Structure formats: structure tokens, C-alpha cells
Amino acid sequence: VQLQASGGGLVQAGGSLRLSCAASESLFRFATMGWYRQVPGNQRELVASITSGGITNYVDSVKGRFTISRDNARNTVYLQMNSLKSEDAAVYYCNTRTFDTRSYWGQGTQVTVSS
């Protein structure tokens with residue numbers, strides 16, 4: 001399984017970005033897909049996830065600002081990030097977990113938020 005993340009960049013505080021994660025296989029193969037983020041010195045944290053049935057989950061700090069969605073036809077998961085704050089700056093990673101609990105990671109994409 002290969003995951004290709006894209007969409008990171010530099011944005012002003014209050015702005016928006018949309019991250020994309022394109023999978024090499026059908027999303028229906030995966031139990032969950034998620035976005036994690038990591039800043040230097042910190043553990044990688046789960047930001048948002050979506051199950052094969054469309055159930056979503058968010059870390060409290062992004063609720064109401066970030067939206068995870070999936071396009072099954074394009075084998076792609078998105079993370080729409082609005083009202084970005086300086087504390088959202090991190091390297092964002094796409095992850096998927098199969099029904100037999102194998103986990104795969106994409107490469108990171110940098111999100112930088114300027115104040």
C-alpha cells in the first residue's frame with residue numbers, strides 16, 4: 001500500500017489548506033484512514049480519522065475547524081483545515097489501517113502557519 005500526501009504549505013493564521021492523501025488501492029480495503037501530525041520533540045498525534053463506514057473522529061483542538069472526508073472513486077482522503085492557528089503547524093502524515101490491523105504511512109507534508 002502506498003499513500004501519497006500533498007497539499008501542505010505556508011498559510012497565514014486564519015487561513016485554510018486542504019491536504020490530500022491518495023492511496024494506491026481502493027479505500028474499501030481499509031478499516032480507517034487518518035491524519036496525524038508531529039512537531040519536533042513531540043509524539044505524533046492523531047488529528048482526524050474516518051472509517052470505511054464514514055464515521056469521523058477529531059482531536060478536540062481541531063473540532064469545528066477541520067473536516068476529514070473521503071472520495072472513494074479517487075481513492076483519496078482529504079483534510080480540510082480552516083481557521084488555522086499557529087499551533088496547527090506541523091508535519092502532517094496520512095495513515096491507513098487495514099481490517100487485519102496492518103498500518104501504513106505516507107510521507108509527511110509540512111504545514112506552516114504564519115502569525
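The values are calculated or read from the model by the stated rules, or taken from the named source; none is laboratory data. In this text the structure is predicted, and so the values were computed from the model without any measurement. Cβ sites come from the backbone with ideal geometry, for glycine too, and all protein chains shown count toward neighbours. These area figures cover heavy atoms from the full protein model, side chains too; ligands, DNA and RNA do not enter into them. Shrake-Rupley method; radii C 1.70, N 1.55, O 1.52, S 1.80 Å.
From the protein chains alone at 1.4 Å, what is the descending order of accessible area for L3, L10, largest first?
On the way: L3 15, L10 130 Å².
Largest to smallest exposure gives the sequence L10, L3.
Order E25, E87, most accessible first, counting only protein heavy atoms with a 1.4 angstrom probe.
E87, E25
With charges set only on the Cβ (+1 for Lys and Arg, -1 for Asp and Glu), what does the dipole of the chain come to about its Cα centre, in debye to the nearest 20?
Numbers: 11 positive and 7 negative charges, 21 e Å.
The calculated dipole for the chain is roughly 100 debye.
How high is the relative contact order of the chain, in percent, with contacts defined as C-alpha pairs under 8 Å that are six or more residues apart? Walk me through the numbers before you get to the answer.
Details: 284 pairs, mean separation 42.7, N = 115.
Averaging sequence separation for qualifying contacts and normalising by length gives 37 percent for the chain.
Report, to the nearest whole %, how much of the accessible area of the chain belongs to carbon and sulfur atoms, 1.4 Å probe, protein only.
Working: 2770 of 5880 Å².
The nonpolar share, carbon plus sulfur, comes to 47 percent.
Taking θ = phi - 60°, what integer Hz values does the Karplus form 6.51 cos²θ - 1.76 cosθ + 1.60 yield along the range 93-106, in sequence order, with x for Gly and Pro?
Result, rounded to whole Hz: 10, 8, 9, 9, 10, 7, 5, 9, 6, 6, 10, 10, 10, x.
I55 to N82: FRET efficiency via 1/(1 + (r/R0)^6), r the Cβ-Cβ distance, R0 22 Å, to the nearest 0.05?
On the way: r = 21 Å, r/R0 = 0.96.
Computed FRET efficiency for I55 and N82: 0.55.
State whether the range 20-68 is rounded, prolate or oblate according to the following rule on the C-alpha gyration tensor (a ≥ b ≥ c being the square roots of its eigenvalues): a/c under 1.5 gives rounded; otherwise a/b larger than b/c gives prolate, and the remaining case gives oblate.
Values: a/c = 2.43, a/b = 1.46, b/c = 1.66.
Taking the square roots of the gyration eigenvalues as a ≥ b ≥ c, the range 20-68 is oblate.
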